[in-house]
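Engineer: One structure, as structure tokens, below. Some questions next.
None of the figures in this text is laboratory data; all of them are computed from the coordinates on show. Keep in mind the model is a prediction, meaning the values are calculated, not measured. For neighbour counting, all protein chains shown are included, and Cβ atoms are generated from backbone atoms with ideal geometry for every residue, glycine included.
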Amino acid sequence: MKSAFKILIIWCISYNLANAQKDTKAILESLDSNKDNYAALAQELWMNPELGYLENQSAALIIAELEKEGFVIEKGVAGIPTAFTASFGTGGPVIGILGEYDALPGMSQVAEPEFKARVAGAPGQACGHHLFGIGSMAAAIAIKNWIQSSGKSGTIKFYGTPAEEGGSGKVYMVRAGLFDGLDAVLSWHPGDQNTSNPSTNLATISGKFRFKGNSSHAATAPERGRSALDGVEAMNDMVNMLREHTTESTRIHYVITKGGDAPNIVPAEAEVYYVIRHANRMEVKSVWDRVVKAAEGAALGTETQMAYEIIGGTYDRLPNETLARLMHKNMLLVGGVDYNDKDLNFAKDIQKTLSNPKPIASAAIIQPIEFTYGKASADTGDVSWNVPLAAIRAATWVPGTPPHSWQAVAAGGTDIGKKAMMVAAKTLALSAIEIYKKPETLIKVREEFNERRGPDFTYTALLGDREPALDYRK
């Protein structure tokens, strides 16, 4: 009897393993069979980059593809015309997949290894969100197909999330309750390495300070003018002195977005755009309050008026090691990005322009998993404090390429970016399907989530109760 029971156990294990391998093969083959279509869609977004909250064509393109696949679409969610959700399936587990598609201003670039704008002054996909949106969409479709064919219980929800670059699109979606009821969220982001690290990053508050004064002839009647630009510059001087008296990891960035129209006219209006970052969101709020005081002091000293508007605010990301390790296992199964001769020649030329190139061969490698502390920020942070989240990075850029660079835009318009996009799509799909097949995994995921978040956590958006800043890029 013992021998028969042992044989039965071995048979069950072998059967389940064979089924798992069959599912994996089917998913990978299905994504590979559609890779040219997905590459073309990503290229279309790359060729027509749109800024945050203005991504009308980008959102419409992704929605159209998901509608063809039978997803139920809800458009214009959270009061944002370019935000949407797409759902398929019934029952649990309920898994969310994030997709972004906004570009960055002034980052237009040809898909060549030299600095050259495709359209002078136009936006460009310098953070690879065209790949992010289409790669996540591809994963959601593959997951949908598996749910259909397997007959398993489960719901897949794709989130079209606009304006990640400073607009905090996901924050408004979280605040509207759109992530309520999810068991897990899987995501990814373009990068220069293949990683699946559980990681945190920096919380942020961003906003615009607008000064108003009195215009006058700068030569014949300067005494009658009160320069709004003086207010901006005085504020910036005080904030730069403030840097000495903040914690070491505080980050303060600004850019003057309006400084006047002509040097012989005392500027009546001026504007400066600030971003404050820190690993601790309470420290972000504290530093923001001090920056506001600098603005108030600048207005008093220059006899101008000042008003400010918080544009965005994002939490630091809450890591989930359980989910990250699940994603890592599947990323190892998928593998990295294989360069052909054309890719290799492009990479070698790009690396001549980089200050800190990494071995090109690392694009084909899945890096060891480790806990990391990021210095960037993203509105996925708010999602991660409301539902367990894990995100991978795929080597869409030549190793050593920084985000928000012309080199990132260039690679994102080549096969290098598209190949890595499919690495991400496959990893997301396999990871979601593993959860559907082993829903008990979510018990440990939720236990870790609750422990890290703490029993007394209450979510309050850092940007308050303001409506979405739909005109922040106009």
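Engineer: Step through the table entries Lys35/Lys342; Lys285/Lys329; Lys342/Lys375, compare each Cα-Cα distance with 30 Å, and write down the pairs that go over it.
Structural biologist: As for pairs spanning more than 30 Å Cα to Cα, those are Lys285/Lys329; Lys342/Lys375.
Engineer: Grab the DSSP H runs of the chain that are 4 residues or longer, score each as -39,500 (n - 2.57), total them, divide by all residues and round the 222 nm result to the nearest 500 deg cm²/dmol.
Structural biologist: Using -39500 (n - 2.57) per qualifying helix, the result is -13500 deg cm²/dmol.
Engineer: Excluding the sites themselves, what is the longest stretch of the chain that contains no chymotrypsin sites (Phe, Trp or Tyr not before Pro) in a DSSP loop with at most 14 other C-beta atoms within 10 Å? Mind dumping the intermediate values first?
Structural biologist: Details: sites that count: Phe115, Phe371, Phe457, Tyr459.
Between the exposed loop sites, the longest stretch runs 116-370.
Engineer: Report the per residue volume, in Å³, of the convex hull enclosing the C-alpha atoms of region 77-162. Let's see the in-between values first.
Structural biologist: Values: hull volume 9.2 nm³, N = 86.
Hull volume normalised by residue count: 107 Å³.
Engineer: Looking at the chain, what % of its DSSP beta bridges pair antiparallel, to the nearest 5?
Structural biologist: Values: 41 of 60 bridges.
Among the beta bridges of the chain, antiparallel pairing accounts for roughly 70 percent.
Engineer: Could I ask something else about it? Taking each pair of distinct Cα atoms in the chain once, what is the resulting Kirkwood hydrodynamic radius in Å?
Structural biologist: Taking the inverse mean of 1/r over all distinct Cα pairs, the chain comes out at 23.7 Å.
Engineer: Any chance you could run the full-extension gain for Asp456 through Ser33? It's 0.36 nm times the residue separation minus the Cα-Cα distance, nm to one decimal.
Structural biologist: Length difference between fully extended and current span is 147.5 nm.
Engineer: Using the alpha carbon gyration tensor of region 153-215, what are the three equivalent-ellipsoid semi-axes (square root of 5 times each eigenvalue), largest first, in whole Å?
Structural biologist: They are 33, 19, 11 Å, listed largest first.
Engineer: Can you give me the three principal axis dimensions of region 203-314 from its C-alpha atoms, in Å, biggest first?
Structural biologist: On the principal axes, region 203-314 reaches 50, 23, 18 Å in Cα extent.
Engineer: So if I take the centroid of the Cα atoms in region 311-372 and the same for region 21-48, what is the distance between those two points in Å?
Structural biologist: 19 Å
Engineer: Sorted from largest down, what three extents in whole angstroms do the Cα atoms of region 398-474 have along their principal axes?
Structural biologist: 45, 40, 23
Engineer: Still on this structure, please answer the following. Loop-only GluC sites (Glu not before Pro) in region 234-301, please: DSSP not H, G, I, E or B, and at most 14 other Cβ atoms within 10 Å.
Structural biologist: Glu248
Engineer: Return the FRET efficiency for the residue pair Ser355, Met282: r is the Cβ-Cβ distance, R0 is 41 Å, and the value is rounded to the nearest 0.05. Before the final figure, lay out the partial values.
Structural biologist: Working: r = 35 Å, r/R0 = 0.85.
Efficiency for this residue pair is about 0.75.
Engineer: Next up: What FRET efficiency would be calculated for the residue pair His404, Lys438, taking the C-beta separation as r and a Förster radius of 30 Å, to the nearest 0.05? Each step should come with its number before you reach the end.
Structural biologist: Values: r = 38 Å, r/R0 = 1.27.
Between His404 and Lys438 the formula returns 0.20.
Engineer: If you bin every alpha carbon distance in region 236-293 into 5 Å steps from zero, what whole percent lands in each bin?
Structural biologist: Once binned at 5 Å, the Cα pair distances of region 236-293 give 4, 17, 25, 20, 13, 9, 7, 4, 1.
Engineer: How long is the gain from Leu300 to Glu114 if the chain were fully straight, where each residue apart is worth 0.36 nm and the alpha carbon distance is subtracted?
Structural biologist: Stretched fully, the Leu300-Glu114 segment lengthens by 62.2 nm.
Engineer: Kirkwood Rh over alpha-carbon pairs of region 423-466, then Stokes-Einstein at 20 °C and 1.002 mPa s: what D in µm² s⁻¹, rounded to an integer?
Structural biologist: Translational diffusion coefficient: 162 µm²/s.
Engineer: Over 20 Å apart: what share of the alpha carbon pairs of region 77-229 falls there, rounded to a whole percent?
Structural biologist: When every Cα pair of region 77-229 is considered, 65 percent fall beyond 20 Å.
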